[in-house]
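Each remark here refers to the structure printed beneath this line.
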Amino acid sequence: MISSVLPTYNRAPLAFVKGAGSWLETADGTRYLDLGAGIAVNCLGHAAPELVETLTEQAQKLWHVSNLYEIPNQQRLADMLVDKTFADTVFFTNSGTEAAELAIKMARKYWYTKGQPDRYEIITFEGAFHGRSSAAIAASGGEKMTKGFGPLLPGFTHVAWQDLDAVKAAVSDKTCAIMLEPVQGEGGIRPAGDAFLKALKQISEETGCLLIFDEVQCGMGRTGKLFAHEWAGVTPDIMMVAKGIGGGFPLGAVLATEDAAQGMTLGTHGSTYGGNPLGCAVGAKVMEIVATPEFLAEVNRKGGLMRQKLEGLVAAHPEVFEDVHGQGLLLGLQCKVAPTEVVAAGYEQNLLTVPAAHNVLRLLPALNIPDEEIAEAIARLDRAAAAIDGKAA
């Protein structure tokens, strides 16, 4: 008999009733150190006091009015994002998948508005994850995402990750955009690299096709810059944001230049909940904290500290781990065993981690995780790896 909750997840036998900072707690009081942060969502940890206060204050005033009316909190957050980024305009969603839908629509409508409706093809990359809607799975293209859901939305050309020659060969007079994650998350914490992003920007400028960055997982301070593409010194035309922007409250956004957004006129897109007073109040508080040079400098320092300790862990367990890669507090442990085996061993040490593709274990702690909790996390990973070593022996 099917469960009352649709069984689309292979859930761990764990249920948490409360959390604080980097810790989650079960009903019996057992505490787990969380290096997943809701898959890069809880950027300030669980039940961050500043966010609790902001949400509570807003909840006592106004929850929802819809976008039939002006929403001051939405305007404030949009102004903050425009001030801190390349963007001229922002549309708020509830998730990264919704942001992907709009980004795809916006790119195609751009060329339709310019009198070139046949320019609708979008180049995407192997290993991509842009969400689970019909458009997003077609953009990702992998069999794991698309099997059984055909016919797929047409108009996507998939090329190998970091293959610049393949990109150049794929660009045609039908290409409307190139879309990628500056650092692939689900794909195994794979940075595109500064040179590759710069080359894509050059192709974009030479051919006129739009450049779309998906910063749902790698954005909002996760790499030590507010957005990961800043490391390469290039800017997109359109960018998708979600996860960390709400600090745990469902919130996403599409940021765009005025030029790229020119086709999105009155009535071309909408969202009942997107940009509601609750979400935008929390998002603005997250921006106030995360988008400061001091906070981002600390993310870089903590990321360096954690990476150094992880490299020692790799050296200590060469049969379990191969190397560590990533940037800031978006880190991946390349495993020689199945990453799910390390996740399971971590549960035994009251440690939470997240698997990814290409045999990678994702480490995505709260961006404000204290140094002593980084040390504790590494100690628990060490014990988990030792248990795996012991089984192998």
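The values are calculated or read from the model by the stated rules, or taken from the named source; none is laboratory data. Fair warning: this is a prediction, and the values are worked out from it, not measured in the lab. Every residue, glycine as well, gets a Cβ built from its backbone with ideal geometry; the counts of neighbours run over all protein chains shown.
Among strands (runs of 3 or more DSSP E) entirely within segment 323-393, having at least 3 residues that are under 30 Å from Gly29 (Cβ atoms) singles out 360-363.
Thr56 meets the conditions (1) surrounded by fewer than 14 Cβ atoms within 10 Å (Cβ to Cβ); (2) part of a loop (DSSP other than H, G, I, E, B) in every case but one. The failed one is (2).
Comparison of Ala344, Ala366 shows that the only residue that is free of Cβ contacts under 8 Å to residues at least 12 places away in the same chain, in contact with a helix residue (DSSP H, G or I) (Cβ under 9 Å, 6 or more places away or on another chain) and of a type outside the set (Asp, Glu) is Ala344. The residue pairs whose first member lies in segment 116-145 and is aromatic (Phe, Trp, Tyr), whose second member is surrounded by fewer than 23 Cβ atoms within 10 Å (Cβ to Cβ) and in a helix (DSSP H, G or I), and whose beta carbons are closer than 7 Å, counting only pairs six or more residues apart or on different chains, are Tyr120/Arg108; Tyr120/Trp111.
Checked against (1) surrounded by 14 or more Cβ atoms within 10 Å (Cβ to Cβ); (2) under 28 Å from Asp214 (Cα atoms); (3) over 25 Å from the mean Cα position of the chain (by Cα), Glu50 passes all but a single condition, namely (3).
What do you reckon, is Phe213 under 19 Å from Thr97 (Cβ atoms), without any contact (Cβ under 8 Å) to a residue 40 or more places away in the chain and hydrophobic (A, V, I, L, M, F, W, C)? Considered against the rule, which asks whether it is under 19 Å from Thr97 (Cβ atoms), without any contact (Cβ under 8 Å) to a residue 40 or more places away in the chain and hydrophobic (A, V, I, L, M, F, W, C), Phe213 comes out as yes. When Asp389 is tested against (1) modelled with pLDDT of 95 or more; (2) surrounded by fewer than 24 Cβ atoms within 10 Å (Cβ to Cβ), only condition (1) is not met. The combined condition, being under 28 Å from Pro49 (Cβ atoms), in contact (Cβ under 8 Å) with a residue 40 or more places away in the chain and not in a helix (DSSP H, G or I), is not fulfilled by Gly279. Scanning segment 168-183 for residues that are touching a residue at least 60 places away in the same chain (Cβ under 8 Å) and more than 21 Å from Gly155 (Cβ to Cβ) returns a single hit, Val183.
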